[in-house]
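A short write-up of the structure that comes next.
The values are calculated or read from the model by the stated rules, or taken from the named source; none is laboratory data. Quick caveat, the model's predicted, so the values are computed rather than measured. Here the Cβ is made from the backbone with ideal geometry for all residues, glycine too, and neighbour counts use every protein chain on show. Remember, those area values only see protein heavy atoms, side chains included, never the ligands or the DNA or RNA. Shrake-Rupley method; radii C 1.70, N 1.55, O 1.52, S 1.80 Å.
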Amino acid sequence: MKKKYIIAIDGPAASGKSTTAKLLAKKLEYVYIDTGVMYRACGLSALKNDVDLENDLELEKMLDKISIRIEYSGKGNKVFLNGEEVSERIRQADITKLSSEIAVIGSVRAKMVELQRKMGDKGGIIMDGRDIGTVVFPNADFKFFMIADVHTRAQRRWKEAQEKGEDLKLEDIENELIWRDKNDSNRKNSPLKQAKDAIPIDTTQMTITDQVEFIYDVIIRG
Ligand code: DC
């Protein structure tokens, strides 16, 4: 496989995108970019700077000077907001909700898309998110759209939380996923949706290994 492809993976939260993309990047020796962390970092920036999301001028000022750096490492990406490491902070519940809220705003999306294109336009990249195959890289070499039933997705998140020692209720996780799916899918700007030429993958009954192998086979076949 000579060409440095652009691979887009979209889908709702906890559908298996990040885990699959991370392993696939390792296998292909590609860079993996999780674009969700960029919206999370924007949300955290707005919170820290007390930015009113309805105030275009305040938002513009924040976006003008925002710096989001993703450091790629085999163990997982580290995220820096204006030089400060925020990898853990952006995973907390308040930022998860805020990331979906800030992601509806056109100026925020325009800035993130610009940064994402710069990160990926040379290829050799796997990017996951909600609008990678539809908006960021509509000409991506490969596009996948991962889905899974919401109960299964909630169980996955619950298990991850348990492993980290966080005591979350399965029902709360499921309700949060339902709210976010709706907010991400119903927004006017670049809603979460399958690109016409994306390959759908329902991961409800699949293991991570199945997911990686499936995508890997498609890419190897070219
Ligand atoms: O992938 P994630 O759960 O970390 O994403 C957090 C939020 O960011 C998600 O609810 C919607 C938004 N997002 C987006 O609008 N577009 C993307 N490409 C990635 C994430």
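Roughly how many Å² is the accessible area per residue of the stretch 1-142, as a whole number, for a 1.4 Å probe?
Numbers: 6730 Å² over 142 residues.
I get 47 Å² per residue for this part.
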Task: For the chain, radius of gyration divided by Kirkwood radius, i.e. Rg to Rh on alpha-carbons - done: 0.94
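Hand me the GluC sites (Glu not before Pro) from the stretch 144-222 located in a DSSP loop with no more than 14 other Cβ atoms within 10 Å, in residue order please. Don't skip to the answer; put the middle values down first.
Details: sites: Glu160, Glu163, Glu166, Glu171, Glu174, Glu176, Glu213; in loops: Glu166.
Here the sparse-neighbourhood loop sites are Glu166.
Please report, as a whole percent, how much of the solvent-accessible surface of the chain comes from carbon and sulfur atoms (probe radius 1.4 Å). Write down the numbers at each step before the final one.
On the way: 5880 of 11810 Å².
Heavy-atom surface of the chain belonging to carbon and sulfur, 1.4 Å probe: 50 percent.
List, in the order given, every pair from Lys26/Lys196; Lys48/Lys193; Lys22/Lys111; Lys4/Lys75; Lys111/Lys169; Lys118/Lys159 whose Cα-Cα distance in the structure shown is over 26 Å.
Details: Lys26/Lys196 28 Å; Lys48/Lys193 31 Å; Lys22/Lys111 24 Å; Lys4/Lys75 22 Å; Lys111/Lys169 35 Å; Lys118/Lys159 35 Å.
The pairs that break the limit, which is 26 Å between Cα atoms, are Lys26/Lys196; Lys48/Lys193; Lys111/Lys169; Lys118/Lys159.
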Open item on the list: Need the list of aspartates and glutamates near Lys61 for cross-linking: C-alpha distance under 20 angstrom, and skip anything on the same chain fewer than eight residues off.
Closed with: Asp50, Asp52, Glu84, Glu101, Glu114
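Ranked highest first by average number of other Cβ atoms within 10 Å, how do 127-138, 191-202 line up? Show your work: numbers first, answer last.
Details: 127-138: 24.7, 191-202: 15.9.
The most tightly packed comes first, giving 127-138, 191-202.
Could you tell me the convex hull volume per residue, in Å³, taken over the Cα atoms of the stretch 18-58?
Looking at the stretch 18-58, the number lands at 82 Å³ per residue.
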TODO: Please give the calculated 222 nm ellipticity per residue for the chain, where each DSSP H segment of at least 4 residues contributes -39500 (n - 2.57) and the sum is spread over every residue; nearest 500 deg cm²/dmol?
DONE: -15000 deg cm²/dmol
Open item on the list: Defining a contact as two alpha carbons under 8 Å apart and six or more residues distant in sequence, what relative contact order in percent does the chain show?
Closed with: 33
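Over the chain, what is the percentage of antiparallel beta bridges among all DSSP beta bridges, to the nearest 5? Don't skip to the answer; put the middle values down first.
Numbers: 6 of 23 bridges.
In the chain, DSSP labels about 25 percent of beta bridges as antiparallel.
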Task: Whole-Hz ³J(HN,Hα) from phi, Karplus 6.51 cos²θ - 1.76 cosθ + 1.60, for the stretch 109-126, glycine and proline x - done: 4, 4, 5, 5, 4, 4, 5, 5, 5, 4, 5, x, 5, 8, x, x, 9, 10
Open item on the list: Largest first, please: the extent of the C-alpha atoms of the stretch 38-145 along each principal axis, to the nearest Å.
Closed with: 40, 30, 24
Open item on the list: Just to compare against my own numbers: the Cα pair-distance distribution for the stretch 107-222, 5 Å bins, whole % per bin, please.
Closed with: 2, 10, 16, 18, 19, 17, 13, 4, 0
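For Cα pairs less than 8 Å apart in space and 6+ apart in sequence, what is the mean separation divided by the residue count of the stretch 1-130, i.e. the relative contact order in percent?
Details: 163 pairs, mean separation 57.5, N = 130.
This gives 44 percent for the stretch 1-130.
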TODO: Hey, can you grab everything whose amide H is under 5 Å from the amide H of Ile199? Only 5+ residues off in sequence or another chain; H modelled, so Pro and N-termini drop out.
DONE: Lys143, Phe144, Phe145
